[in-house]
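This report refers to the structure that appears directly beneath it.
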Amino acid sequence: MKPIYLDYNASTPIDPAVAAVMRPLLESAYGNPSSGHWAGAPAKAALDRARAQVAALLGCTAEELVFTSGGSEANNLALKGLFFRKRDRPAHLITSRIEHPAVLMPCRFLERLGAAVTYVPVDGTGRVDPDEIRKAITGDTVLISVMHANNEVGTIQPIAEIAKIARAHGIPLHTDAAQSVGKIPTDVETLGVDLLSIAGHKLYGPKGIGALYIRRGLSLEPLIHGAGHEFGRRAGTESALLAAGLGTACEIAQPGLGMPETRRLRDLLWEHLRVNLGERVSLNGHVDERLPNTLNVSFAGQVGAELLARMPEVAASTGSACHAGRVELSPVLEAMGISPEIGMGAIRFSLGRATTEEEIAQVADRLRRLLA
């Protein structure tokens, strides 16, 4: 078998159109975008265009966007920035148990600084019950942060419902949309969010660039202080090169939202596995409310990491980790109530634009033969 890439949730290749836009900027537009002279003007123009392109995908204004070094920084800016802005009062945050470490770790850090954090549970499909959010709210709650779609099982959260609850209590809502931007609609007004994080390398843009949407009127304390770049919200000279890549990636993604062909191939892979393996394979995540490219399945009696090691030509991710002869279950699957016997056999296949039907058939056949 030729190498087959089915780990698009981890990182995507740079789209050729994105590379084409970035390539000239390696030699031109070298001036500082904040400069007022001719050398900085091309960089400023590229930066402004990129900001407008990202804003168009999210349905916000360009001034509501801050470019960051990626999704992790965007999440950190949202959580820490709001916490430090509210240091004059007790701070309580609400999040879910299946968030990405880029949200969970900042929450743990803020707990050490005196914040109280409630980690609400999820059901067996990985969905948050909005009523759990409502019950967790206290008079000190300053922020709710729930991811739009889970990176491991692909389950999409009821963000619009949670937003209504947050707004009724006057509490800002943040969502980590790194996995959903470019795959499904992420209009900030439809979702009702006040803060939204994205990562360039999850939607065929370059690594090292992301963005945080900050609703107009919401104030955050910067994490990086300096000369007041990004409307005073993140110091540091912006990279016109990386921003242009992210902007172009967002523009390209707009017409393909929903990913109908990728969804078809994902469902085809699941059908192959069900027919070939029967009850030896089970689905992790929500059947319907799931990212169109994500298929997380468990193979009974197997260890996902060991199974992937037996087919090294297939790039995918596992929901278990092997350490010193023991298997550790993914915290996401554990929070979903998946038993260790089932969860240790989990593998996440995440498809992308370049995935073909032939590759799907090859992977399904390889698994069938390995498990025969």
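Kindly indicate which of Leu6, Leu79 is closer than 29 Å to Met105 by Cα, of a type in the set (A, V, I, L, M) and not assigned by TED's automatic domain parsing to the domain that holds Val193.
On the way: Leu79 fails: not assigned by TED's automatic domain parsing to the domain that holds Val193.
On inspection, the qualifying residue turns out to be Leu6.
For residues that are in contact (Cβ under 8 Å) with a residue 12 or more places away in the chain and over 15 Å from Glu73 (Cβ atoms), scanning just the range 206-217, find the one that is surrounded by the most Cβ atoms within 10 Å (Cβ to Cβ).
Selected residue: Arg215.
With respect to the numbered conditions (1) assigned by TED's automatic domain parsing to the domain that holds Asp123; (2) assigned to a loop (DSSP other than H, G, I, E, B); (3) out of contact with any Pro (no Cβ under 7 Å at 6 or more places or on another chain); (4) not aromatic (Phe, Trp, Tyr), which one is the sole condition not fulfilled by Ser11?
Of the numbered conditions (1) assigned by TED's automatic domain parsing to the domain that holds Asp123; (2) assigned to a loop (DSSP other than H, G, I, E, B); (3) out of contact with any Pro (no Cβ under 7 Å at 6 or more places or on another chain); (4) not aromatic (Phe, Trp, Tyr), the odd one out for Ser11 is (1).
Determine whether the range 350-371 contains at least one residue that is hydroxyl-bearing (Ser, Thr, Tyr), farther than 19 Å from Asp123 by Cβ and either in contact with a helix residue (DSSP H, G or I) (Cβ under 6 Å, 6 or more places away or on another chain) or surrounded by fewer than 16 Cβ atoms within 10 Å (Cβ to Cβ) (or both). Steps first, please.
Of the range 350-371, the ones hydroxyl-bearing (Ser, Thr, Tyr) are 350, 355-356.
Keeping just the survivors that are farther than 19 Å from Asp123 by Cβ gives 350, 355-356.
Those left that are additionally either in contact with a helix residue (DSSP H, G or I) (Cβ under 6 Å, 6 or more places away or on another chain) or surrounded by fewer than 16 Cβ atoms within 10 Å (Cβ to Cβ) (or both): 355-356.
Scanning the range 350-371, I find at least one residue that is hydroxyl-bearing (Ser, Thr, Tyr), farther than 19 Å from Asp123 by Cβ and either in contact with a helix residue (DSSP H, G or I) (Cβ under 6 Å, 6 or more places away or on another chain) or surrounded by fewer than 16 Cβ atoms within 10 Å (Cβ to Cβ) (or both), so the answer is yes.
Any chance you could count how many residues in the range 288-316 are aromatic (Phe, Trp, Tyr) and surrounded by fewer than 15 Cβ atoms within 10 Å (Cβ to Cβ)?
So in the range 288-316, the residues aromatic (Phe, Trp, Tyr) come out as 299.
Next, from what is left, pick out any that are surrounded by fewer than 15 Cβ atoms within 10 Å (Cβ to Cβ): none.
Final tally of qualifying residues: 0.
Is it true that some residue in the range 129-138 is buried (at least 24 other Cβ atoms within 10 Å of the Cβ) and not polar (S, T, N, Q)?
Yes, there is a match, as at least one residue in the range 129-138 is buried (at least 24 other Cβ atoms within 10 Å of the Cβ) and not polar (S, T, N, Q).
For the subset of the range 33-86 comprising residues that are touching a helix residue (DSSP H, G or I) at 6+ places or on another chain (Cβ under 7 Å) and more than 28 Å from Ser180 (Cα to Cα), which member is surrounded by the fewest Cβ atoms within 10 Å (Cβ to Cβ)?
Within the range 33-86, the match that is surrounded by the fewest Cβ atoms within 10 Å (Cβ to Cβ) is Ser34.
Of the residues that make up the range 218-232, is at least one buried (at least 24 other Cβ atoms within 10 Å of the Cβ) and in the same structural domain as Ala249 (by TED's automatic domain parsing)?
No, the range 218-232 contains no residue that is buried (at least 24 other Cβ atoms within 10 Å of the Cβ) and in the same structural domain as Ala249 (by TED's automatic domain parsing).
Taking Arg216 as the residue in question, decide whether it is closer than 25 Å to Ser34 by Cα and modelled with pLDDT of 95 or more.
yes
Cβ-Cβ below 7 Å, separation at least six or inter-chain, first residue in the range 291-312 and under 17 Å from Leu268 (Cα atoms), second in a loop (DSSP other than H, G, I, E, B) and basic (Lys, Arg): which pairs?
If the second residue must be in a loop (DSSP other than H, G, I, E, B) and basic (Lys, Arg), the pairs left are Leu291/Lys183; Pro292/Lys183; Asn293/Lys183.
Quick one: in the range 224-246, which of the residues that are among the hydrophobic types (A, V, I, L, M, F, W, C) and in a helix (DSSP H, G or I) is modelled with the lowest pLDDT?
Here the answer is Phe231.
Does Ser35 fit the bill of being in a loop (DSSP other than H, G, I, E, B) and either of a type in the set (A, V, I, L, M, F, W, C) or closer than 20 Å to Gly245 by Cβ (or both)?
no
The values are calculated or read from the model by the stated rules, or taken from the named source; none is laboratory data. In this text the structure is predicted, and so the values were computed from the model without any measurement. No Cβ is skipped: glycine too gets one built from the backbone with ideal geometry, and neighbour counts run over all protein chains shown.
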